[in-house]
C-alpha cells in the first residue's frame, strides 16, 4: 500500500506450513500493509515473548493447538509481559469448543478466529481478522 499508512507488524505463531502460506495469501488478497514474523514452534514463540524482543508488534495471531504447547500459554505470557500486555492478540484455531473460546477470552484474547475450511472464506475472514487486530479494518472496508 502506498497510502502513507504505517506498515503493521504481526507475529504469527503457527506450526502448520500450509496455514502459514494461507495467512500470507490472506494478507495479499486483502491488500494489507503487514510485515509477518513467523514462529513455527511453541518454544521459539515463548522465548521471543519472554525475551522482550517483540516490542514493535501491532498484533499476534496464535494457533491454539501447537505440537509442543498451547497457544493459551503464549497468550498468558503476553498478557503477563509489561511490554506486550496491550498488544492485540487473535487466537487462530480449528476448534469451535466453547471451553477453548472461553479460556481465550478470560486470558484476554481480542479475537477468536475459527479457521475456515473453504479457501475464499479463509482468505477473507483471516484477512479481516488481521485488519481488525492491526487497525486496518477501516482501510479494507473503504477499499471494497
Legend entry - Failed item in (1) surrounded by 16 or more Cβ atoms within 10 Å (Cβ to Cβ); (2) within 15 Å of the chain's Cα centre (by Cα); (3) modelled with pLDDT of 95 or more; (4) not in a strand (DSSP E or B), with residue 91 passing the rest: (4)
Legend entry - The listed residue being over 14 Å from the mean Cα position of the chain (by Cα) and either under 20 Å from residue 16 (Cα atoms) or buried (at least 18 other Cβ atoms within 10 Å of the Cβ) (or both), out of 133, 119: 119
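Given the residues 75, 12, which is the only one that is surrounded by 22 or more Cβ atoms within 10 Å (Cβ to Cβ) and part of a helix (DSSP H, G or I)?
Details: 12 fails: part of a helix (DSSP H, G or I).
Matching residue, one of 75, 12: 75.
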Inset, instruction - Identify, by number, the condition in (1) within 15 Å of the chain's Cα centre (by Cα); (2) surrounded by 18 or more Cβ atoms within 10 Å (Cβ to Cβ) that residue 103 doesn't meet. - result: (1)
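Which one is surrounded by the most Cβ atoms within 10 Å (Cβ to Cβ), of the residues in the stretch 23-57 that are assigned to a loop (DSSP other than H, G, I, E, B) and at pLDDT 95 or above? Walk me through it before giving the result.
Filtering the stretch 23-57 for residues assigned to a loop (DSSP other than H, G, I, E, B) gives 30-33, 40-41, 52-57.
Of the ones still in play, those that are also at pLDDT 95 or above are 40-41.
On the way: 40: 17, 41: 15.
Here the answer is 40.
The values are calculated or read from the model by the stated rules, or taken from the named source; none is laboratory data. Computed from a predicted model, the values in this text were never measured in an experiment. In this analysis, Cβ positions are derived from the backbone assuming ideal geometry, glycine residues included, and neighbour counts consider all displayed protein chains.
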